[in-house]
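Below is one structure, written out as structure tokens; the observations come after it.
The values are calculated or read from the model by the stated rules, or taken from the named source; none is laboratory data. This is a predicted model, so every value here is computed, not measured. Quick reminder, even Gly has a Cβ in these numbers, built from the backbone with ideal geometry, and neighbours come from all protein chains shown.
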Amino acid sequence: MMKVNKLDSNLICVGSIGKSRGLVGEFFLNSFCDPQDNILNYTSISIEGHKDLQIAYIKKFNNKFLSKISSIDNVDILKSYTNLKLFINKSELPSLEKDEFYWHDLIGMHVLDCNNNDELGDVIEISNYGSNDLLEISPSDSSVDSKKRQIPFVKKIFIIEIDLKNRKILVDWPKDF
């Protein structure tokens, strides 16, 4: 799952730096792309908090991804970069078909109850804790109440309609949950 960088809305998180491999600065890269192999398609990946550093390569290694930062050849130095996020610019994402969207397109959309059109809040993030992706909903000034909500992203069950043009998501979700 890709996430929008809260500091720069033009950047999309596509992965993170995992544990080191060997002694020359290689590391396992955690891909957040779907499918995960899409990480191999991006040419300009930036490292969280380190615009001066560049990824030298990303390659498939068994069922994982192996990568290296250009100027780091020491495993001890590399360890301080573990878990940092990796970003691409939105402009590198491929175009989508009609009625398709990226997760970052949903951020900021208004969430409405499909039964009575009550506003539940705005999407602030999309998370995944194992079973389903969740829309994180924060109340807005015009919300029916001040509750934060997590709504599973299950189309035709909880997510009834996504209107990208009008920036609205209709959901079937009980207000007391």
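Side notes on the structure shown:
- The requirement of being among the small types (Gly, Ala, Ser), on the phi > 0 side of the Ramachandran plot and assigned by TED's automatic domain parsing to the domain that holds SER140 is not satisfied by GLY22.
- Test for LYS60: is it among the basic types (Lys, Arg), over 29 Å from VAL123 (Cα atoms) and assigned to a strand (DSSP E or B): yes
- Odd one out for GLU119 among (1) surrounded by fewer than 16 Cβ atoms within 10 Å (Cβ to Cβ); (2) of a type in the set (D, E, K, R); (3) in contact with a strand residue (DSSP E or B) (Cβ under 7 Å, 6 or more places away or on another chain); (4) farther than 23 Å from GLY49 by Cα: (1)
- Any chance ILE58 is over 22 Å from ILE162 (Cβ atoms), touching a residue at least 40 places away in the same chain (Cβ under 8 Å) and over 13 Å from the mean Cα position of the chain (by Cα): no
- Just one residue in the set ASP122, ASP113 is charged (D, E, K, R) and under 21 Å from CYS13 (Cα atoms); that residue is ASP122.
- When the residues of the stretch 128-148 are filtered to those that are free of Cβ contacts under 8 Å to residues at least 40 places away in the same chain and part of a strand (DSSP E or B), the one that is surrounded by the most Cβ atoms within 10 Å (Cβ to Cβ) is LEU135.
- Selected residue [surrounded by 12 or more Cβ atoms within 10 Å (Cβ to Cβ), of a type in the set (Gly, Ala, Ser) and in contact (Cβ under 8 Å) with a residue 40 or more places away in the chain] from SER91, SER67, SER44: SER67
- Of the residues making up the stretch 149-177, those that are basic (Lys, Arg) and part of a loop (DSSP other than H, G, I, E, B) are LYS156, LYS165, ARG167, LYS175.
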